[in-house]
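Working notes, structure below.
The values are calculated or read from the model by the stated rules, or taken from the named source; none is laboratory data. Every value quoted in this text rests on a predicted model; they were computed, and no experiment measured them. Every residue, glycine as well, gets a Cβ built from its backbone with ideal geometry; the counts of neighbours run over all protein chains shown.
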Amino acid sequence: MTMESDRFEALIDAILAIIITIIVMEIPLPETTNLSSLLELYPQFLAYALSFVICFEVWNYHHNLFNVVNKLNSSVTWAGSFAIMIVGLLPHVTTMISTDFYSFTAQAMFGLVFLLTNLNFYFADLLLIRVDKANIALRLELNKRKKITIISFILQSIGFVLGYLLYPPIIFIACVLSVSVALSWSKIKNYV
């Protein structure tokens, strides 16, 4: 059974808006109104910025994808729902790394959300190709996305190993690099 994507897109938009709102509300107010108190909150602002970019990437992925998708089925919507469920953990893990930026557990949980989201994109892409076999435009978009996903997975895996062995914030840095690669690749390939 195939279905329209409009309602699914609206659901994704609403959930991502709520997630972003919760994340920004988790940033505490500075103790005083001077610059040094504000600068002490840099881990919270860094975590918020990367979490926002992750939410935007999820939205951008779905937005661009649904511009070329002709057919959906329940497997595809469940895969998309699983991605949103994973991203729904962002407020929690963002608070974790903002509270203890140098904790391996906090960094690993944040990185895991990022890693699982990318893996979900990969499997959702495979499902879409299976459902919408005749759609050449979709295949071209998904081939671009596959390269981004593989590079992101490699960067994140390296980040996990180095974060565990050397310095936990390397996981966060790997996430930033992964997003940077995705954004620069998107510009090069006119994906955005």
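When the criteria are applied in full, Leu65 fails the requirement of being assigned to a loop (DSSP other than H, G, I, E, B) and among the hydrophobic types (A, V, I, L, M, F, W, C). Of all residues in segment 119-139, those that are under 12 Å from Val68 (Cα atoms) and in contact (Cβ under 8 Å) with a residue 24 or more places away in the chain have Cβ atoms under 6 Å from Cβ atoms of residues that are of a type in the set (A, V, I, L, M) and in a helix (DSSP H, G or I), 6 or more apart or on another chain, in Leu128/Val76; Asp132/Leu138; Ala137/Val68; Leu138/Val68.
Answer yes or no as to whether Asn60 is surrounded by 15 or more Cβ atoms within 10 Å (Cβ to Cβ), within 13 Å of Val179 (Cβ to Cβ) and modelled with pLDDT under 85. Yes: the conditions hold for Asn60.
Specify which of the listed residues (Glu31, Glu40) is touching a Ser or Thr at 6+ places or on another chain (Cβ under 8 Å), exposed (fewer than 15 other Cβ atoms within 10 Å of the Cβ) and charged (D, E, K, R). Give the derivation first.
Details: Glu40 fails: touching a Ser or Thr at 6+ places or on another chain (Cβ under 8 Å).
Among Glu31, Glu40, only Glu31 is touching a Ser or Thr at 6+ places or on another chain (Cβ under 8 Å), exposed (fewer than 15 other Cβ atoms within 10 Å of the Cβ) and charged (D, E, K, R).
Ser184 meets all of the listed conditions (1) part of a helix (DSSP H, G or I); (2) within 26 Å of Leu39 (Cβ to Cβ) but one, namely (2). For segment 22-55, the set of residues classified as free of Cβ contacts under 8 Å to residues at least 40 places away in the same chain and either assigned to a helix (DSSP H, G or I) or under 15 Å from the mean Cα position of the chain (by Cα) (or both) consists of Val24, Met25, Leu35, Ser36, Ser37, Leu38, Leu39, Tyr42, Phe45, Ala49, Phe52, Cys55, listed by residue number. Within segment 1-21, the set of residues being under 20 Å from Gly111 (Cβ atoms) and either surrounded by fewer than 16 Cβ atoms within 10 Å (Cβ to Cβ) or free of Cβ contacts under 8 Å to residues at least 12 places away in the same chain (or both) is empty.
Could you check segment 74-120 and list, in sequence order, the residues that are aromatic (Phe, Trp, Tyr) and within 27 Å of Met25 (Cβ to Cβ)? Hits for segment 74-120 are Phe82, Phe101, Tyr102, Phe104, Phe110, Phe114.
Listed here are the residues, each with its yes/no results for (1) at pLDDT 90 or above; (2) surrounded by 14 or more Cβ atoms within 10 Å (Cβ to Cβ); (3) more than 13 Å from the chain's Cα centre (by Cα); (4) part of a helix (DSSP H, G or I).
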| residue | (1), (2), (3), (4) |
| --- | --- |
| Pro91 | yes, yes, no, yes |
| Thr105 | yes, no, yes, yes |
| Val113 | yes, yes, no, yes |
| Leu116 | yes, yes, no, yes |
| Asn120 | no, yes, no, yes |
| Leu128 | no, yes, yes, yes |
| Lys133 | no, no, yes, no |
| Ala137 | no, no, yes, yes |
| Leu140 | no, no, yes, yes |
